[in-house]
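The values are calculated or read from the model by the stated rules, or taken from the named source; none is laboratory data. Nothing here was measured: the structure is a model prediction, and the numbers come from that model. Cβ placement follows ideal geometry from the backbone for every residue including glycine, while neighbour counts extend to all protein chains displayed. The protein model used for the area step is the full one, side chains on, heavy atoms only, and it has no ligands, DNA or RNA in it. Shrake-Rupley method; radii C 1.70, N 1.55, O 1.52, S 1.80 Å.
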Amino acid sequence: SGGSFPASAESSHQPSKRGRLSMAEAVLAPRTGLLRHALRLEVLTIGWNVLEAAVAITAGLLAGSIALVGFGLDSVIETVAAAALYWRLHAELTGRDGAEVERIERRALRVVGVTFLALAAYILYEAGSALWFREAPEPSPVGIVLATLSLIVMPILAFAKLRAGRRLESRALIADSKETFVCSYLSFALLLGLGANAGFGALWAHPRAALLMVPWVVKEGL
(Lines give C-alpha, C1' and ligand atoms only; values in the text may rest on other atoms or scores of the structure.)
Protein backbone atom coordinates (compact mmCIF):
# COMPACT_ATOMS: atom_id res chain seq x y z
CA SER A 1 0.00 0.00 0.00
CA GLY A 2 0.99 3.68 0.01
CA GLY A 3 1.86 3.54 -3.68
CA SER A 4 4.98 1.40 -3.28
CA PHE A 5 5.76 -1.37 -5.78
CA PRO A 6 5.75 -4.97 -4.64
CA ALA A 7 9.19 -6.62 -4.51
CA SER A 8 8.27 -8.81 -7.46
CA ALA A 9 7.40 -5.78 -9.58
CA GLU A 10 10.65 -4.02 -8.65
CA SER A 11 12.74 -7.06 -9.47
CA SER A 12 11.12 -7.30 -12.87
CA HIS A 13 12.64 -3.93 -13.77
CA GLN A 14 16.19 -4.66 -12.49
CA PRO A 15 18.41 -7.54 -13.62
CA SER A 16 19.53 -9.87 -10.87
CA LYS A 17 23.16 -10.09 -9.84
CA ARG A 18 23.39 -13.44 -11.61
CA GLY A 19 21.82 -11.88 -14.70
CA ARG A 20 24.41 -9.11 -14.70
CA LEU A 21 27.20 -11.67 -14.33
CA SER A 22 25.80 -13.68 -17.22
CA MET A 23 25.75 -10.62 -19.47
CA ALA A 24 29.35 -9.79 -18.49
CA GLU A 25 30.42 -13.36 -19.16
CA ALA A 26 28.73 -13.25 -22.56
CA VAL A 27 30.66 -10.09 -23.43
CA LEU A 28 34.00 -11.52 -22.24
CA ALA A 29 33.57 -15.00 -23.73
CA PRO A 30 34.80 -14.16 -27.27
CA ARG A 31 37.93 -12.43 -25.90
CA THR A 32 38.59 -15.32 -23.53
CA GLY A 33 38.40 -17.72 -26.46
CA LEU A 34 40.84 -15.54 -28.43
CA LEU A 35 43.26 -15.43 -25.51
CA ARG A 36 43.21 -19.21 -25.22
CA HIS A 37 43.72 -19.55 -28.97
CA ALA A 38 46.67 -17.14 -28.84
CA LEU A 39 48.16 -19.05 -25.90
CA ARG A 40 47.97 -22.29 -27.89
CA LEU A 41 49.76 -20.58 -30.78
CA GLU A 42 52.55 -19.47 -28.44
CA VAL A 43 52.88 -22.99 -27.02
CA LEU A 44 53.19 -24.33 -30.57
CA THR A 45 55.76 -21.63 -31.36
CA ILE A 46 57.84 -22.51 -28.31
CA GLY A 47 57.69 -26.26 -29.00
CA TRP A 48 58.61 -25.92 -32.66
CA ASN A 49 61.47 -23.50 -32.01
CA VAL A 50 63.02 -25.61 -29.26
CA LEU A 51 63.12 -28.55 -31.67
CA GLU A 52 64.30 -26.35 -34.53
CA ALA A 53 67.09 -24.82 -32.44
CA ALA A 54 68.41 -28.20 -31.33
CA VAL A 55 68.49 -29.58 -34.88
CA ALA A 56 69.80 -26.41 -36.58
CA ILE A 57 72.61 -25.70 -34.12
CA THR A 58 73.76 -29.32 -34.08
CA ALA A 59 73.66 -29.63 -37.87
CA GLY A 60 75.26 -26.19 -38.28
CA LEU A 61 78.19 -27.03 -36.00
CA LEU A 62 78.74 -30.34 -37.81
CA ALA A 63 78.60 -28.66 -41.23
CA GLY A 64 80.45 -25.50 -40.22
CA SER A 65 77.50 -23.44 -41.47
CA ILE A 66 77.20 -19.92 -40.04
CA ALA A 67 73.77 -19.45 -41.60
CA LEU A 68 72.49 -22.70 -40.08
CA VAL A 69 73.86 -21.95 -36.60
CA GLY A 70 72.40 -18.44 -36.89
CA PHE A 71 69.09 -19.97 -37.86
CA GLY A 72 69.21 -22.09 -34.73
CA LEU A 73 70.01 -19.05 -32.59
CA ASP A 74 67.05 -17.25 -34.15
CA SER A 75 64.91 -20.15 -32.93
CA VAL A 76 66.24 -19.61 -29.40
CA ILE A 77 65.48 -15.90 -29.61
CA GLU A 78 62.03 -16.62 -31.02
CA THR A 79 61.43 -18.91 -28.04
CA VAL A 80 62.27 -16.05 -25.66
CA ALA A 81 59.84 -13.76 -27.48
CA ALA A 82 57.10 -16.40 -27.46
CA ALA A 83 57.65 -16.99 -23.74
CA ALA A 84 57.19 -13.24 -23.11
CA LEU A 85 53.92 -13.32 -25.04
CA TYR A 86 52.77 -16.40 -23.16
CA TRP A 87 53.36 -14.46 -19.92
CA ARG A 88 51.39 -11.47 -21.21
CA LEU A 89 48.42 -13.52 -22.50
CA HIS A 90 48.31 -15.71 -19.41
CA ALA A 91 48.20 -12.60 -17.20
CA GLU A 92 45.01 -11.37 -18.87
CA LEU A 93 43.44 -14.80 -19.05
CA THR A 94 43.90 -15.33 -15.31
CA GLY A 95 42.10 -12.09 -14.47
CA ARG A 96 44.87 -9.57 -13.78
CA ASP A 97 43.54 -6.02 -13.69
CA GLY A 98 43.69 -3.84 -16.80
CA ALA A 99 46.54 -1.61 -15.60
CA GLU A 100 48.75 -4.59 -14.78
CA VAL A 101 47.98 -6.27 -18.11
CA GLU A 102 48.96 -3.05 -19.89
CA ARG A 103 52.28 -2.94 -17.99
CA ILE A 104 52.98 -6.56 -18.91
CA GLU A 105 52.03 -5.81 -22.53
CA ARG A 106 54.65 -3.03 -22.68
CA ARG A 107 57.29 -5.24 -21.09
CA ALA A 108 56.56 -8.07 -23.53
CA LEU A 109 56.80 -5.62 -26.44
CA ARG A 110 60.23 -4.46 -25.22
CA VAL A 111 61.39 -8.07 -24.86
CA VAL A 112 60.41 -8.79 -28.46
CA GLY A 113 62.21 -5.65 -29.66
CA VAL A 114 65.39 -6.58 -27.81
CA THR A 115 65.33 -10.09 -29.26
CA PHE A 116 65.17 -8.64 -32.78
CA LEU A 117 68.24 -6.46 -32.14
CA ALA A 118 70.13 -9.32 -30.45
CA LEU A 119 69.51 -11.46 -33.52
CA ALA A 120 70.74 -8.72 -35.87
CA ALA A 121 73.94 -8.26 -33.84
CA TYR A 122 74.65 -11.99 -33.86
CA ILE A 123 74.12 -12.32 -37.61
CA LEU A 124 76.40 -9.35 -38.35
CA TYR A 125 79.18 -10.75 -36.18
CA GLU A 126 79.03 -14.36 -37.31
CA ALA A 127 78.40 -13.73 -41.01
CA GLY A 128 81.01 -10.97 -41.08
CA SER A 129 83.56 -13.29 -39.44
CA ALA A 130 82.82 -16.05 -41.93
CA LEU A 131 83.38 -13.74 -44.88
CA TRP A 132 86.47 -12.12 -43.38
CA PHE A 133 88.18 -15.41 -42.51
CA ARG A 134 86.71 -17.21 -45.54
CA GLU A 135 85.32 -20.08 -43.48
CA ALA A 136 83.93 -22.59 -45.98
CA PRO A 137 80.86 -24.53 -44.73
CA GLU A 138 80.04 -28.11 -45.67
CA PRO A 139 76.75 -28.91 -47.46
CA SER A 140 73.98 -29.89 -45.01
CA PRO A 141 71.06 -32.07 -46.20
CA VAL A 142 69.60 -31.91 -42.67
CA GLY A 143 69.66 -28.11 -42.84
CA ILE A 144 67.89 -28.12 -46.20
CA VAL A 145 65.10 -30.36 -44.86
CA LEU A 146 64.76 -28.27 -41.71
CA ALA A 147 64.59 -24.99 -43.64
CA THR A 148 61.94 -26.45 -45.96
CA LEU A 149 59.77 -27.59 -43.05
CA SER A 150 60.18 -24.25 -41.29
CA LEU A 151 59.19 -22.43 -44.47
CA ILE A 152 55.88 -24.31 -44.26
CA VAL A 153 55.23 -24.10 -40.51
CA MET A 154 56.36 -20.55 -39.69
CA PRO A 155 54.11 -18.61 -42.11
CA ILE A 156 51.05 -20.48 -40.83
CA LEU A 157 51.90 -19.59 -37.23
CA ALA A 158 52.78 -16.01 -38.15
CA PHE A 159 49.49 -15.32 -39.95
CA ALA A 160 47.48 -16.93 -37.14
CA LYS A 161 49.26 -14.82 -34.49
CA LEU A 162 48.87 -11.66 -36.57
CA ARG A 163 45.10 -12.20 -36.84
CA ALA A 164 44.81 -12.91 -33.11
CA GLY A 165 46.96 -9.89 -32.25
CA ARG A 166 44.80 -7.56 -34.32
CA ARG A 167 41.57 -8.90 -32.83
CA LEU A 168 42.98 -8.62 -29.30
CA GLU A 169 44.53 -5.21 -30.14
CA SER A 170 47.82 -6.42 -28.67
CA ARG A 171 50.88 -4.63 -30.07
CA ALA A 172 53.13 -7.19 -28.39
CA LEU A 173 51.39 -10.12 -30.09
CA ILE A 174 51.48 -8.33 -33.45
CA ALA A 175 55.22 -7.70 -32.99
CA ASP A 176 55.72 -11.35 -32.07
CA SER A 177 53.91 -12.38 -35.25
CA LYS A 178 56.37 -10.24 -37.21
CA GLU A 179 59.27 -12.02 -35.54
CA THR A 180 57.71 -15.29 -36.66
CA PHE A 181 57.57 -13.81 -40.17
CA VAL A 182 61.30 -13.09 -39.78
CA CYS A 183 61.78 -16.78 -39.00
CA SER A 184 59.99 -17.54 -42.29
CA TYR A 185 62.31 -15.14 -44.08
CA LEU A 186 65.31 -16.77 -42.40
CA SER A 187 64.04 -20.14 -43.61
CA PHE A 188 63.94 -18.85 -47.18
CA ALA A 189 67.38 -17.23 -46.93
CA LEU A 190 68.84 -20.35 -45.33
CA LEU A 191 67.31 -22.59 -47.97
CA LEU A 192 68.71 -20.31 -50.67
CA GLY A 193 72.18 -20.41 -49.14
CA LEU A 194 72.25 -24.15 -48.43
CA GLY A 195 70.80 -24.96 -51.85
CA ALA A 196 73.38 -22.80 -53.61
CA ASN A 197 76.16 -24.47 -51.64
CA ALA A 198 74.94 -28.03 -52.24
CA GLY A 199 73.98 -27.53 -55.88
CA PHE A 200 76.59 -25.11 -57.15
CA GLY A 201 79.39 -25.18 -54.59
CA ALA A 202 78.75 -21.53 -53.68
CA LEU A 203 80.72 -21.60 -50.44
CA TRP A 204 79.99 -18.02 -49.46
CA ALA A 205 76.23 -18.20 -50.02
CA HIS A 206 75.62 -19.03 -46.34
CA PRO A 207 76.92 -15.81 -44.72
CA ARG A 208 75.61 -13.70 -47.57
CA ALA A 209 72.18 -15.27 -47.15
CA ALA A 210 72.42 -14.56 -43.42
CA LEU A 211 73.31 -10.90 -44.04
CA LEU A 212 70.19 -10.48 -46.18
CA MET A 213 68.19 -10.93 -42.96
CA VAL A 214 69.72 -7.97 -41.13
CA PRO A 215 67.87 -4.88 -42.50
CA TRP A 216 64.39 -6.26 -41.78
CA VAL A 217 65.44 -7.62 -38.39
CA VAL A 218 66.86 -4.23 -37.31
CA LYS A 219 63.81 -2.37 -38.61
CA GLU A 220 61.39 -4.55 -36.68
CA GLY A 221 63.53 -4.42 -33.55
CA LEU A 222 63.51 -0.64 -33.58
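Let's see how each residue does on (1) within 13 Å of the chain's Cα centre (by Cα); (2) open to solvent by less than 60 Å² (accessible area, probe 1.4 Å):
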{"residue": "I57", "(1), (2)": "no, yes"}
{"residue": "L62", "(1), (2)": "no, no"}
{"residue": "L68", "(1), (2)": "no, yes"}
{"residue": "S75", "(1), (2)": "yes, yes"}
{"residue": "L93", "(1), (2)": "no, yes"}
{"residue": "L109", "(1), (2)": "yes, yes"}
{"residue": "A120", "(1), (2)": "no, yes"}
{"residue": "G128", "(1), (2)": "no, yes"}
{"residue": "V145", "(1), (2)": "no, no"}
Test: residue in segment 22-43 that is open to solvent by 60 Å² or more (accessible area, probe 1.4 Å), of a type outside the set (S, T, N, Q), at pLDDT below 95 and not in a helix (DSSP H, G or I): no
Filter result for G165 (closer than 16 Å to E220 by Cβ and open to solvent by less than 10 Å² (accessible area, probe 1.4 Å)): yes
Conditions (1) assigned to a helix (DSSP H, G or I); (2) at pLDDT below 90; (3) under 30 Å from T94 (Cα atoms); (4) not hydroxyl-bearing (S, T, Y); number of the one not met by P15: (1)
All positions within segment 44-55 that are open to solvent by 40 Å² or more (accessible area, probe 1.4 Å) and closer than 23 Å to R167 by Cα: L44, I46
Those residues of segment 87-134 which are farther than 17 Å from V76 by Cα and among the polar types (S, T, N, Q), in sequence order: T94, S129
